[in-house]
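Structure first, then comments.
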Amino acid sequence: MKKIIIVGLFLLVLFGCKQTTVQIAGEVEKQWRSDSVEVTLPNARRRERLMVASIQKDGTFHLSGNIAPGKLVFVNFSKDYVRIPVYIEQKHYTLVESGDKYYLLSEESSLQNRYVEFLKELDKLNQDYEKECQGYDTITDIHQKATRSEMLDQKFTRKNELVLEGIREFAGTEMAQNLIHEILFYCEVDFKFFTQAIEALGDSIPNSGMKTRIFDAYNKLKAKQLIGQAPDFELPDVKGQKIRLADFRGKHVLLDFWASWCAPCRKKNKELNQQYPELRDAGLEVISVSLDSKKAPWLQALKEDRVAWVQLIDETGFEQSEVRKAYKVEQVPTVYLIGPDGNILLKNPEVEEIHEIIRQKRS
């Protein structure tokens with residue numbers, strides 16, 4: 001286990017100035033590979049550093065510089081992959097070690113301390129999720145893989161819920177922005193979660209490089225979303241009969257894109273089997289479009305999953321499917337809720353959202 005001692009991290013306000021003098025002194029063990037320590041912003045590019053200092057032969061180091069209060073920065077030992085967040089306040093911080101992570105805590109109550117406690121909880125969930133992910137790709141049985149996928153989805157959902165809780169708790173600070181910035185790669189493929197995260201930020205959002213990057217990514221993703229009329233199409237069912245989406249005009253339609261080789265899709269089939277009778281009775285029709293390139297695996301999956309709703313196939317396959325492209329489907333499963341007038345209402349809705357929309361339409 002790597003060891004580091006922070007002798008002092010002092011934040012001293014300069015009278016009549018908007019900057020704060022930050023002084024960091026400490027010592028690392030000699031086997032560390034890092035020959036320098038630096039302080040950077042969360043969105044810093046390579047070599048963009050607020051402060052940098054060499055680590056001496058005896059392991060000691062000292063940094064000093066000015067940073068505006070209210071900024072979130074990172075103390076980095078890059079060659080040892082140690083990156084410690086600290087929110088700039090008028091505090092004196094000391095280092096604590098928890099598991100294989102390092103955190104900076106103040107001796108009195110502070111936003112930084114609240115942030116650290118939150119990060120510890122989030123780190124535990126991340127470690128648990130990553131542990132359960134091990135071996136997933138080596139599972140060959142699709143049903144076992146679907147079962148593991150269901151468990152992973154539950155853990156991933158809990159992580160997302162905690163991130164949203166943290167964004168709300170620290171709204172108005174760069175700490176909230178950083179929670180999104182750290183998982184921006186994921187937000188960029190999940191518009192629904194990204195929207196929830198943006199809403200959780202609230203209206204009081206301090207300007208920063210993170211804010212610019214987050215909202216640029218969100219607006220680009222928003223522009224890619226399918227809105228308005230659902231594109232019409234015609235595809236064969238299990239008997240080879242051509243079915244058109246327009247034939248279902250006047251009903252709410254849940255349009256489900258999937259494939260037999262997709263474990264999360266097979267998990268969703270299982271869920272829909274349980275939900276379909278109630279959804280059907282509420283006046284909704286489910287239509288699944290398989291993106292399998294061969295009919296046999298599709299038919300075998302239908303037999304195994306015992307689905308009871310309309311099943312169609314686009315045998316051009318995932319890559320070549322014009323229907324997939326028209327619906328901007330980048331991964332499966334992807335589901336759209338379509339209104340009786342043919343307009344797109346929601347992407348990847350929860351079953352509770354579906355029932356609520358149908359109830360509102362009836363009232």
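The values are calculated or read from the model by the stated rules, or taken from the named source; none is laboratory data. The shown structure was predicted, so the numbers you read here are calculated from the model rather than taken from an experiment. In this analysis, Cβ positions are derived from the backbone assuming ideal geometry, glycine residues included, and neighbour counts consider all displayed protein chains. Side chains included, ligands, DNA and RNA excluded: accessible areas come from the protein's heavy atoms. Shrake-Rupley method; radii C 1.70, N 1.55, O 1.52, S 1.80 Å.
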Inset, instruction - Would you please state which residues of the range 329-351 a label at T316 would reach in this model, taking the label point 7 Å out along Cα→Cβ and a backbone N cut-off of under 17 Å? - result: 329-331
Legend entry - Label-to-label distance, nm, for residues given as E350 and T140 (7 Å Cα→Cβ offset): 3.8 nm
Legend entry - Amide H partners (placed H, <5 Å) of H252, local residues excluded: E285
Inset, instruction - Determine how large the accessible area of Y186 is when every protein chain is in place; take a 1.4 Å probe and give Å² rounded to the nearest 10. - result: 40 Å²
Legend entry - Angle in degrees between helix 142-169 and the longest Cα principal axis of the chain, rounded to the nearest 10: 50 degrees
Inset, instruction - Work out the count of Lys pairs in the range 287-358 where the Cα-Cα distance is under 18 Å, with the pair 8 or more places apart or on different chains. - result: 4
Legend entry - Cβ-placed point charges (K, R +1; D, E -1), dipole of the range 268-363 about Cα centre in debye, nearest 20: 120 debye
Legend entry - CD proxy at 222 nm, helix term only [per DSSP H run n ≥ 4: -39500 (n - 2.57); per residue of the chain; nearest 500]: -12000 deg cm²/dmol
Inset, instruction - For K57, go through the aspartates and glutamates and keep the ones whose alpha-carbon is under 18 Å away, minus same-chain ones fewer than eight residues off. - result: E27, E29, D35, E38, D80
Inset, instruction - Go through the range 316-322 residue by residue and turn each phi into a ³J(HN,Hα) via Karplus (6.51, -1.76, 1.60, θ = phi - 60°); whole Hz please, and just put x for glycine and proline. - result: 5, x, 4, 5, 9, 4, 6
Legend entry - All aspartates and glutamates inside 18 Å of K270 as judged from Cα atoms, apart from same-chain residues fewer than 8 positions distant: D141, E150, D153, D256, E278, E285, E304, D305, E350, E352
Inset, instruction - Would you mind checking which residues have amide H under 5 Å from I139's amide H? H placed 1.01 Å from N; only 5 or more apart, or other chain. - result: none
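Could you tell me whether the range 84-230 comes out rounded, prolate or oblate from its Cα gyration tensor? Rule is a ≥ b ≥ c as square roots of the eigenvalues, rounded for a/c under 1.5, then prolate if a/b exceeds b/c, otherwise oblate.
It is oblate, given that a/c is not under 1.5 and a/b is not larger than b/c.
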Inset, instruction - Could you compute the FRET efficiency for K159 and K222, with r as their C-beta to C-beta distance and R0 at 25 Å, rounded to 0.05? - result: 0.60
Legend entry - Amide proton proximity set for V310, modelled H, under 5 Å, gap of 5+: V286, S288
Inset, instruction - With springs only between Cα atoms under 10 Å apart, run a GNM on the chain and tell me which of E188, E89, E322 wobbles the most. - result: E322
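Ranked highest first by average number of other Cβ atoms within 10 Å, how do 235-242, 140-147 line up?
On the way: 235-242: 11.6, 140-147: 14.8.
Taking the mean over residues of other Cβ atoms within 10 Å, the ranking is 140-147, 235-242.
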Inset, instruction - Could you tell me how many degrees, from 0 to 90 and to the nearest 10, lie between the Cα long axis of helix 191-201 and the main elongation axis, the longest principal axis, of the Cα atoms of the chain? - result: 40 degrees
Inset, instruction - Skip the ligands, DNA and RNA, and give the accessible area per residue of the chain with a 1.4 Å probe, whole Å². - result: 53 Å²
Legend entry - Charge-dipole axis of the range 125-251 as Lys and Arg at +1 and Asp and Glu at -1 on Cβ define it, positive-most pick from L125, F170, F193: F193
Legend entry - Most fluctuating residue given options L284, L299, L254, as computed from a GNM of the chain linking Cα atoms under 10 Å: L299
Legend entry - Fluctuation leader among E132, E304, E285 - the chain, Gaussian network, Cα springs under 10 angstrom: E304
Legend entry - [x] 68, 39, 37; [y] 56, 49, 48; [z] 77, 45, 33, with the label sought being that of the calculated Cα extents along the principal axes in Å: [z]
Legend entry - Listed residue pairs exceeding 32 Å between alpha carbons, taken from K79/K145; K101/K220; K79/K224; K124/K224; K71/K159: K79/K145; K101/K220; K79/K224; K124/K224
Legend entry - For the range 73-89, Karplus couplings with θ = phi - 60° (6.51, -1.76, 1.60), whole Hz, Gly/Pro x: 10, 10, 8, 10, 10, 4, 6, 10, 6, 10, 9, 10, x, 8, 8, 6, 10
Inset, instruction - State the percentage of accessible surface on the chain attributable to carbon and sulfur atoms; use a 1.4 Å probe and exclude ligands, DNA and RNA. - result: 48 percent
Legend entry - Where chymotrypsin sites (Phe, Trp or Tyr not before Pro) fall in DSSP loop in the range 67-164, at most 14 other Cβ within 10 Å: Y81
Legend entry - Bridge type composition, the range 226-361 - antiparallel percent by DSSP, nearest 5: 55 percent
Inset, instruction - Specify the angular offset, from 0 to 90 degrees and rounded to the nearest 10, of the alpha carbon long axis of helix 295-305 from the longest principal axis of the alpha carbons in the chain. - result: 80 degrees
Legend entry - Within the chain, percent of DSSP bridges classed antiparallel, to nearest 5: 80 percent
